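Worksheet: the structure to be examined is printed underneath.
Since every read-out is calculated from the coordinates, none of them should be taken as a lab result. Given the structure is predicted, the values throughout are model-derived calculations rather than measurements. No Cβ is skipped: glycine too gets one built from the backbone with ideal geometry, and neighbour counts run over all protein chains shown.
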């Protein structure tokens with residue numbers, strides 16, 4: 001009986017893999033297929049945002065802390081942020097955008113979400129690699145001291161984005177005004193997650209409040225991966241990890257709960 | 001039993017049972033001794049609030065506090081403490097449970113890692129306060145270890161301070177040595193000069209000679225007057241006049257020799273000797289003043305260095321714990337329960353999500 005159960009599970013897993021892969025391919029076509037430059041646009045967008053803040057920091061004369069070069073410091077902030085925020089915004093609209101696909105019985109709403117988030121994660125990792133090479137070529141100092149910390153930070157950002165996307169898409173089904181509300185919340189997070197400043201520089205009282213935001217930990221972890229020893233007093237991996245898992249669990253639960261609203265829509 | 005019940009038992013009840021047994025019965029008590037201290041300097045308090053907000057490395061008490069933090073977690077301190085208090089024996093206590101005691105024959109790195117877990121040091125940037133907590137299996141041991149760490153840290157701070165003062169004083173010390181050497185040189189020269197010319201003070205000698213000359217000239221004038229007077233009623237070759245003439249000549253000769261001694265052409269006349277001597281005394285005075293100034297500079301440097309230097313003030317001495325506060329059993333059990341539930345919930349949700357794809 002157990003082998004039988006395992007077989008169905010393995011089979012289901014394979015089916016889901018294929019579904020997600022197919023959705024990712026489709027998604028990448030719809031996201032970038034219509035432009036001539038294609039994937040390059042993702043790189044250009046990220047590079048533009050980063051250079052804006054680079055110029056601001058340069059003009060203000062602020063040095064990146066701990067001997068990091070400014071583009072590396074900003075990449076450490078923006079890449080996890082893009083993974084997270086794109087995970088949420090794309091995930092929130094995944095079901096509305098692809099409702100027709102849900103008529104296929106193999107495709108579950110979760111697959112749509114996961115496909116989009118994974119695609120975003122892959123894209124942003126590509127952006128990270130390309131921009132790191134670019135800043136290296138521009139003569140900036142780029143060091144990757146603990147790659148596994150970078151990978152962990154990317155993974156945590158992905159989980160946070162996926163969980164957040166699930167929660168938002170569930171709320172979006174129940175209460176369509178969510179779509180208007182989430183960008184506002186994201187804007188607040190954009191300014192409080194330490195994308196373009198360092199938590200280490202803030203006074204303890206502000207640090208205490210901002211450390212409730214798991215994204216700050218993820219971002220500082222990312223930077224720590226570049227320059228080990230950075231932000232050691234601030235980062236709590238356990239907090240970021242358990243928060244991400246909680247978000248994911250709540251997202252999975254809400255996604256199940258919201259399905260009854262989805263059925264009504266179809 | 002149903003499948004769901006088996007899963008529940010396997011993934012929630014069993015891990016929770018293990019956690020409950022460990023924290024409820026097995027885990028040995030540990031006592032926490034705590035101390036608070038700060039690094040103070042005479043100028044200003046230990047706070048670097050304003051600068052830390054600007055995000056600059058302040059280089060003040062903050063840096064020194066980080067030095068202390070690193071030092072407390074170093075294996076060097078651990079070796080000192082182990083030597084002093086035989087820490088290894090205490091933490092290897094066989095009565096303590098397997099997970100909280102140090103294993104037998106640990107490597108240096110294992111021991112350091114273990115000790116770092118028993119010691120927490122926190123530095124609050126805004127208030128400049130360092131908080132040190134030490135865990136041990138008995139209250140006394142916890143307090144002793146805490147006290148020893150505090151003492152060793154204080155030693156470190158003192159060493160740092162002495163080094164800083166030494167560095168800033170070494171320059172002025174060299175200056176003083178040079179001034180002293182110069183003064184000794186000149187004193188030597190002065191001594192040599194006096195011995196060579198058999199004089200104590202050429203200036204006084206010159207005054208003496210001048211007085212002598214004046215005296216002689218006065219005597220000569222007196223004799224000339226006497227001579228003129230005698231001539232008015234005596235013949236030129238009278239014995240008195242001849243005697244007076246001889247006396248006058250002797251006086252004039254004496255005056256010429258004395259004057260020559262005073263300011264003749266030679267090198268060793270009293271006047272030139274006096275000039276040389278004055279030069280030497282001037283140099284002597286200079287050297288003396290230089291030495292005084294150098295000494296004052298050193299004193300000022302010392303005051304400056306000491307006012308800048310930091311010293312460690314423990315305003316809460318290591319406490320003697322009364323109650324074993326570690327492990328936090330209720331908290332640990334609660335957190336593990338939440339964690340197990342979370343992982344189990346997430347796992348079953350993911351499995352369910354995957355299983356939706358079965359049958360295609």
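Quick look at the values:
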item	result
Gaussian network model of chain A, Cα within-10 Å springs - most flexible of A:209, A:235, A:144	A:209
Within a Gaussian network of chain B (alpha carbon springs, distance under 10 Å), most fluctuating of B:291, B:200, B:132	B:200
Square roots of five times the Cα gyration tensor eigenvalues for segment B:79-127, Å	24, 13, 10
DSSP bridge pairs, the protein assembly as shown: antiparallel proportion in percent, nearest 5	100 percent
Contact order normalised by residue count of chain B, Cα under 8 Å, 6+ apart, percent	33 percent
Between 0 and 90°, nearest 10: helix A:214-226 axis offset from chain A longest Cα axis	60 degrees
Estimated 222 nm signal from helices in chain B, with DSSP H stretches of n ≥ 4 weighted -39500 (n - 2.57), rounded to 500	-23000 deg cm²/dmol
Segment B:171-304 - percent relative contact order, Cα under 8 Å, separation 6 or more	44 percent
Rounded to whole Å, sorted largest first: equivalent-ellipsoid semi-axes of the protein assembly as shown, Cα gyration tensor	95, 34, 17
Cβ neighbours within 10 Å from other chains - mean over B:343-356	6
Principal-axis tilt of helix A:237-265 within chain A, Cα atoms, nearest 10 degrees	30 degrees
Viscosity 0.692 mPa s, 37 °C: Kirkwood-radius Stokes-Einstein D of chain A over Cα pairs, µm²/s	168 µm²/s
Ascending count of other beta-carbon atoms within 10 Å, so fewest first, for B:213, B:351, A:218	B:351, B:213, A:218
Shielding by partners - mean other protein chain Cβ count within 10 Å, residues of A:197-207	3
Taking segment A:2-265 and dividing mean pair separation by its residue count, relative contact order in percent (alpha carbons under 8 Å, at least six apart)	25 percent
Residue order, fewest to most surrounding Cβ atoms within 10 angstrom, among A:78, A:84, A:196	A:196, A:78, A:84
Exposure proxy order (Cβ contacts within 10 Å, fewest to most) of A:18, B:101	A:18, B:101
Angle between chain B longest axis and helix B:61-72 axis [Cα atoms, degrees, rounded to 10]	60 degrees
Gap separating the Cα centres of segment B:95-157 and segment B:299-341, nearest whole Å	10 Å
Spherically averaged projected area of chain B from its Cα convex hull (nm²)	40.4 nm²
Reciprocal mean inverse distance between Cα atoms of segment B:171-304 - Kirkwood radius, Å	19.0 Å
Averaged over A:102-113, number of beta-carbon atoms from partner chains that fall within 10 Å	2
Max mean-square fluctuation residue, GNM over chain A, Cα-Cα springs under 10 Å, options A:42, A:137, A:94	A:137
